[in-house]
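**Q** Pasting a structure here, questions to come.
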Amino acid sequence: MQLYVFDQERRQLVGIIEAFDYFRWTRRYSQSGSFELRAIATEDNITLLQVGNILWKNDDEEAGLIEFAELTMQEQEFIVVSGRFATSFLARRIIWGTEILTGDLAGAVNQLLQNHLINPADPERKIDGITLMPEVLGVSVNTQVSYRNLLDTVSGLCETADIGIKTVFNPDTGVFTVKLYQGTETQAVFSKEYENIIEQVFTQSLVDYASIALVGGEGEGPERILATTGGGIGEERYEIFVDARDLQSEDFPDDYDAALIFRGQERLAELAMVKSFDVSVNQYGNLQYKIDFDIGSQVRIVAKRWGLSITARITEIEENYDQDGLSLSVVFGKPLLTLAQKLKGGNI
């Protein structure tokens, strides 16, 4: 693995990071990944690792945008940089007005990116060198968004539909291509008994969980239009109310109920039951990274002593590089909501 640095303006190669103390590269399925690098503060490293520059490793499709840099002195001087993958370009834009999104998810994402990033009406909002790979996913969207962050909006749509997003960097041209994709189903099985797991943590939580949503659309009092989505009986029924007053029937003349239901499904997806495994993978086991499993793969995890066997998608892979080499931490399934995600969800 080699770490290359490209400058911000021309997106041309300016150097290689020859050595580092540690490097963490975290890939995520429906959200932007992130990274952190710590290296000795040599003159070359300080020159290369500037905020705004692009970090790319030659065994990955994606690249990271350096958003933070810190110089420290302990026994020796170090530079620490961190940031997010190039999908975070979307976080620099908001939905500047209101967008009605109907049809296939890929078409909806294309509409959002074209109008607010790739080819917006205001040329000052355009970011050059970003394209979208055309794709038909067979996932229907029926909603409306106004003034929300573009990355939050697209990531939310992807999470609701269980679709992945990544932004591929072409080092020869400097072009970034946003791609939506469906994770593959595999025959991979992770288990201590198979000696392909070193450590494991299983989490199951009903905190913040909801199973059925009552969605309120336009209208007042008894005239308000309501729709429900989800279900549950007795103790298994967890109810929430979703205010969707911003959705107007005139914007969805064909099926207003579908728009309300989709809004409810978005919120229920955010508040789904947490059931996840966080494991350290044995790289010398029977499964090979990026061949037998990868980000987005649907796999089976078995913990016989705990009486657990679940099929889940790999939603996060953290690659850690240090003096001992590469180690992998893998998250299977839906992790706990962060405070930021809870606050954002409350605004839907």
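**Q** Would you mind stating whether LYS126 is closer than 30 Å to GLY285 by Cβ, of a type in the set (Lys, Arg) and open to solvent by 30 Å² or more (accessible area, probe 1.4 Å)? Walk me through how you get there before you give the answer.
**A** Details: closer than 30 Å to GLY285 by Cβ: no; of a type in the set (Lys, Arg): yes; open to solvent by 30 Å² or more (accessible area, probe 1.4 Å): yes.
Considered against the rule, which asks whether it is closer than 30 Å to GLY285 by Cβ, of a type in the set (Lys, Arg) and open to solvent by 30 Å² or more (accessible area, probe 1.4 Å), LYS126 comes out as no.
**Q** Name the strands (runs of 3 or more DSSP E) wholly inside segment 295-348 in which the number of residues that are modelled with pLDDT under 95, open to solvent by 60 Å² or more (accessible area, probe 1.4 Å) and not acidic (Asp, Glu) is 3 or more. Let's see the steps before the verdict.
**A** Working: elements: 298-303, 308-322, 325-334.
The strands (runs of 3 or more DSSP E) meeting that bar number zero.
**Q** Sticking with this structure for a sec: When you scan segment 268-279, do you find a residue that is under 22 Å from the mean Cα position of the chain (by Cα), open to solvent by 20 Å² or more (accessible area, probe 1.4 Å) and closer than 16 Å to ASN142 by Cα, even just one?
**A** yes
**Q** Here's something else I'd like to know. Out of segment 43-76, which residues are among the acidic types (Asp, Glu) and in contact (Cβ under 8 Å) with a residue 24 or more places away in the chain? Talk me through it step by step, then tell me what you get.
**A** If we filter segment 43-76 for residues that are among the acidic types (Asp, Glu), which is where we start, we get 43-44, 59-62, 67, 70, 75.
Those that are among the acidic types (Asp, Glu) and in contact (Cβ under 8 Å) with a residue 24 or more places away in the chain: ASP44, ASP59, ASP60, GLU61, GLU62.
**Q** Another question about this same structure. Tell me yes or no: at least one residue of segment 169-185 is exposed (fewer than 15 other Cβ atoms within 10 Å of the Cβ), on the phi > 0 side of the Ramachandran plot, within 29 Å of the chain's Cα centre (by Cα) and not polar (S, T, N, Q).
**A** There is no residue in segment 169-185 that is exposed (fewer than 15 other Cβ atoms within 10 Å of the Cβ), on the phi > 0 side of the Ramachandran plot, within 29 Å of the chain's Cα centre (by Cα) and not polar (S, T, N, Q).
**Q** Looking at GLN288, GLN265, GLN204 in this structure, which one is free of Cβ contacts under 8 Å to residues at least 40 places away in the same chain and either hydroxyl-bearing (Ser, Thr, Tyr) or open to solvent by 70 Å² or more (accessible area, probe 1.4 Å) (or both)?
**A** Going through GLN288, GLN265, GLN204 in turn, the sole match is GLN288.
**Q** Anything in segment 161-172 that is in contact (Cβ under 8 Å) with a residue 24 or more places away in the chain and farther than 17 Å from ASN110 by Cβ? List them, or say none.
**A** Filtering segment 161-172 for residues in contact (Cβ under 8 Å) with a residue 24 or more places away in the chain gives 161-169, 171.
ASP162, PHE169, PRO171 - these are the residues of segment 161-172 that are in contact (Cβ under 8 Å) with a residue 24 or more places away in the chain and farther than 17 Å from ASN110 by Cβ.
**Q** Separate question: Got a number for residues in segment 245-281 being among the aliphatic types (A, V, I, L, M), within 30 Å of PHE202 (Cα to Cα) and not in a helix (DSSP H, G or I)? Give the derivation first.
**A** We begin by selecting, within segment 245-281, every residue among the aliphatic types (A, V, I, L, M); these are 247, 258-261, 268-269, 271-274, 279, 281.
Then keep just the ones that are within 30 Å of PHE202 (Cα to Cα); that gives 268-269, 271-274, 279, 281.
Among the residues that remain, those that are also not in a helix (DSSP H, G or I) are: 271-274, 279, 281.
Adding up the residues that qualify gives 6.
**Q** Go through ASN142, ASN115 for me and flag whichever is in contact with an Asp or Glu (Cβ under 8 Å, 6 or more places away or on another chain), open to solvent by 20 Å² or more (accessible area, probe 1.4 Å) and modelled with pLDDT under 95.
**A** Working: ASN115 fails: modelled with pLDDT under 95.
Among ASN142, ASN115, only ASN142 is in contact with an Asp or Glu (Cβ under 8 Å, 6 or more places away or on another chain), open to solvent by 20 Å² or more (accessible area, probe 1.4 Å) and modelled with pLDDT under 95.
**Q** Exactly one condition in (1) in contact with a Phe, Trp or Tyr (Cβ under 6 Å, 6 or more places away or on another chain); (2) within 30 Å of TYR147 (Cα to Cα) is false for ASN53; which is it?
**A** Only one criterion is unmet by ASN53, namely (1).
The values are calculated or read from the model by the stated rules, or taken from the named source; none is laboratory data. If you're wondering where the values come from, they're calculated on a predicted model, not measured in any experiment. Note that we place each Cβ from the backbone using ideal geometry, even for glycine, and neighbour counts take in every protein chain shown. For the accessible areas, the whole protein counts, side chains as well, though only heavy atoms, and no ligand, DNA or RNA atoms are used. Shrake-Rupley method; radii C 1.70, N 1.55, O 1.52, S 1.80 Å.
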